[in-house]
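Right, one structure below, let's go through it.
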Amino acid sequence: MSTKVEAEQASVASSAQDLFTIIDGSVTTPKGYQASGLHCGLKKTERNDIGAIVSDVPATAAAVYTTNAFQAAPLGVTRESLRVSKQLQAVIVNSGNANACTGKLGEQNAYRMREAFAQQLDVDPHLVAVASTGVIGEQLKMDCVEAGIAALPEKLSAEREGAEQFSQAILTTDLVKKEACVLVNVNGVQVTIAGAAKGSGMIHPNMATMLAFVTTDATVEPTALEQLLKKTTNQTFNMITVDGDTSTNDMLLVMANGTAQPEVLHEGHDAWHAFEAGFRYVCEVLAQAIARDGEGATKLIEVQVQGASSHESASKIAKSVVGSSLVKSAVFGADANWGRVIAAVGYAGEAVEPDKVDIHLGPIVVLEQSTPVAFDEEEALEYLRNDKIVFTIQLHMGEGEAVAWGCDLTYDYVRINAAYRT
């Protein structure tokens, strides 16, 4: 793990560092999970394009999905699976083809994926989730997919290699895999929470073209797990943006198989606060990693909004600033143009006091009580050369606060997306 990633993870964990332990792990680190991935022929390169995570036993599960009205076929299949018993034992994922806007045939193919993998594992079909990512509007090459599904079980592994192959299988334009893992103490028993994700473009709050999978060997009450997932998603994955586009395929899925300990965790359990903190840490690291790996990105942008009238207001303002193309362009060009920031605050649609706003660029005060502050341009330029840029916006209106993450907008973003399909 790079020093930069370790530093960022330590920063994320600092507020809750006594509640969990960060470890170098993967989705197979929690007890009772295996994973695998391989190349079946959906991608033009030899990179893995189909993968799976399998639990030794049925796991309590929950998911959240894209808000795009045109939802890809696999999302409906996964929803149906979870409706039966709120349990899953496996997830099958392909990349290179989104299976979105593909009509009845696309829906049938998503069910075929579920049925084929269930048969390979000898489990009920409703215990299998399906996910896809890639090009929209093209039918899956089902001969390739089914051949890949048939070959996956013998490659399943509980070792790091299995998780590595899975992580590679879910990538599209991503440059790096995204993983996080923690240990949480539950009355003397260590439980593990781990996650893997993909996402680089078409990333915008309210879920975007991202897939994320969280595994844990804790036992969690189903309703508590579902509520925790929704709450944490709003605090993490729904606070990132790369380009303002919301995809048809994104899904965040969690499985809790209970193989580490029998105690059922719920909101009233004395270890719940620690479990919740560890879960949020895993999701926040994955979310930040997606923002950092935005297509063509060179810098991670963090926007901290403080003193808003409410948390909801702070969230909207933070996302407005981090999603601004002008802010993103200024960061790429190392231009300390705080006017872009104040403009994005103003058009967020939230109440502000126009004469009370403070803005910091990292440690540098650039605006105080909505009045420009003279600052050293060379110092600002040096700060903007860093690979993480933080804007702090103090509104002096209340106790609401929020943090959002994004990335700079570069020439490479246009290059990548101008030829994505071809």
Out of the residues in the stretch 19-43 meeting the condition of being in a loop (DSSP other than H, G, I, E, B), of a type outside the set (Val, Ile, Thr) and within 21 Å of the chain's Cα centre (by Cα), tell me which one is surrounded by the most Cβ atoms within 10 Å (Cβ to Cβ). Pro30
Are any residues in the stretch 339-363 under 17 Å from Asn386 (Cα atoms) and either touching a residue at least 24 places away in the same chain (Cβ under 8 Å) or of a type in the set (Gly, Ala, Ser) (or both), and if so, which ones? His360, Leu361, Gly362
Restricting the stretch 226-248 to residues that are touching an Asp or Glu at 6+ places or on another chain (Cβ under 8 Å) and over 18 Å from Phe275 (Cα atoms), the one modelled with the highest pLDDT turns out to be Val242
Single residue of Val403, Val365 found to be open to solvent by 30 Å² or more (accessible area, probe 1.4 Å) and more than 23 Å from the chain's Cα centre (by Cα): Val365
Of the residues in the stretch 273-292, how many are over 18 Å from Cys407 (Cα atoms), open to solvent by 10 Å² or more (accessible area, probe 1.4 Å) and either in contact with a strand residue (DSSP E or B) (Cβ under 6 Å, 6 or more places away or on another chain) or not in a helix (DSSP H, G or I) (or both)? 1
Pairs only if they're at least six apart or on different chains, beta carbon under 9 angstrom, first in the stretch 205-224 and at pLDDT 90 or above, second basic (Lys, Arg) and open to solvent by 10 Å² or more (accessible area, probe 1.4 Å); list them, first residue then second. Asp217/Lys31; Pro222/Lys86; Thr223/Lys86
Considering the stretch 94-115, residues that are of a type in the set (A, V, I, L, M, F, W, C) and open to solvent by 20 Å² or more (accessible area, probe 1.4 Å), and then whichever is nearest to the chain's Cα centre (by Cα), we arrive at Cys101
Suppose the filter is modelled with pLDDT of 85 or more, in contact with a Phe, Trp or Tyr (Cβ under 6 Å, 6 or more places away or on another chain), closer than 24 Å to Pro74 by Cβ and not acidic (Asp, Glu); does Ala256 pass it? no
Considering residues of the stretch 124-155 that are open to solvent by 30 Å² or more (accessible area, probe 1.4 Å) and in contact with a helix residue (DSSP H, G or I) (Cβ under 9 Å, 6 or more places away or on another chain) only, the residue nearest to Ala72 (Cα to Cα): Gln139
Output the residue which, of all residues in the stretch 406-422 that are more than 20 Å from Gly96 (Cα to Cα) and buried (at least 16 other Cβ atoms within 10 Å of the Cβ), is modelled with the highest pLDDT. Gly406
Inspect the stretch 64-79 for any residue being at pLDDT 95 or above, part of a loop (DSSP other than H, G, I, E, B), on the phi < 0 side of the Ramachandran plot and open to solvent by 40 Å² or more (accessible area, probe 1.4 Å) and give the result as yes or no. no
Identify, please: which residue in the stretch 44-63 is over 19 Å from the mean Cα position of the chain (by Cα) and under 29 Å from Thr219 (Cβ atoms) and is, among those, surrounded by the fewest Cβ atoms within 10 Å (Cβ to Cβ)? Val57
From Val345, Val390, Val403, grab the single residue that is outside any helix (DSSP H, G or I) and modelled with pLDDT of 95 or more. Val390
For the stretch 308-337, give me each residue that is open to solvent by 10 Å² or more (accessible area, probe 1.4 Å), farther than 19 Å from Cys407 by Cβ and either of a type outside the set (S, T, N, Q) or under 22 Å from the mean Cα position of the chain (by Cα) (or both). His311, Glu312, Lys316
So, Glu350, is that one in a strand (DSSP E or B), open to solvent by 10 Å² or more (accessible area, probe 1.4 Å), on the phi < 0 side of the Ramachandran plot and among the acidic types (Asp, Glu) or not? no
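The values are calculated or read from the model by the stated rules, or taken from the named source; none is laboratory data. If you're wondering where the values come from, they're calculated on a predicted model, not measured in any experiment. We place every Cβ from the backbone using ideal geometry, glycine too, and count neighbours over all the protein chains shown. To get the accessible areas, we keep the full protein, side chains included, count just its heavy atoms, and leave off ligands, DNA and RNA. Shrake-Rupley method; radii C 1.70, N 1.55, O 1.52, S 1.80 Å.
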